[in-house]
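Shown next, in structure tokens, is the structure this report addresses.
Every number here is computed from the coordinates shown, using simple stated rules; none is lab data. Keep in mind that what you see is a predicted model, and the values were worked out from it rather than measured. FYI the Cβ positions are ideal-geometry reconstructions off the backbone, even for glycines, and counts take in every protein chain you see.
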Amino acid sequence: MNRLISIRFIRSVARIEQLPQLRLTEIAVAGRSNVGKSTFINTLFNRKNIARVSSVPGKTQQINFFLVSDRLYLVDLPGYGYKKISLSATQYWAGLIESYLRGNEFLKLVFLLIDCRHEPQKLDFQMITWLQRHAIPFEIILTKRDKLSNSQFARQLAVFRRSFPPVAMIPFSSKTLAGKTEVFSRLEEIADLKPDL
């Protein structure tokens, strides 16, 4: 199977009507606004700033499309849960994300990123419940694995498995590259799927 090694930014979408004309298989990246989505994408493809990393949570306000080896889109969704964002902006983002996710025949998987150092938050539970209700496949990426010792991580992993027993989980670290091979395997597997035209 060919490695998915190239990635390029295609466009930012503020309205569903702006989706790329070329429709391909899609994998979305979701999570809280400070969970490290941009770092996750940059680490996967050995790029420093293909996805812009900001010190200000909530900076990503649009849906960003990245084309991977001309075979699939990696879709960076706006982060949720940043308290300093206005209510109207939060509602707008929620509506944009929901419109993108619901009934999207090109979307094959959502990588839901959660910081492994903390117990699952209310908004994480809400996101998972919403994905399950709409039968959208997803897997949890436990970010910042390197920030915990093995024993600390084992305790946290037990918490996550009790909270979300049937869900696949991949521990990930942008520093040690833990989990990168597993994530790439999922990308390659899904890249061979054909969109439901």
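Structure summary
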{"item": "Cα centroid separation - the stretch 144-192 against the stretch 104-124, whole Å", "result": "12 Å"}
{"item": "Approximate spin-label separation residue 105-residue 6, in nm, with each point projected 7 Å along Cα-to-Cβ", "result": "2.8 nm"}
{"item": "Label-point separation, residue 48 to residue 189 (7 Å along Cα→Cβ), nm", "result": "3.4 nm"}
{"item": "Set of aspartates and glutamates near residue 180 by C-alpha distance (under 18 Å), chain-local residues within fewer than 8 positions excluded", "result": "76, 115, 139, 146, 188, 189"}
{"item": "Sites residue 151 and residue 129 - FRET efficiency at Förster radius 35 Å, r taken between beta-carbons, to 0.05", "result": "0.70"}
{"item": "Charge sum, other residues only, whose C-beta stays under 13 Å from residue 175's C-beta, Lys/Arg counted +1 and Asp/Glu -1", "result": "+3"}
{"item": "Extended-chain gain in nm, criterion 0.36 nm per residue less alpha-carbon gap, residue 181 and residue 117", "result": "20.9 nm"}
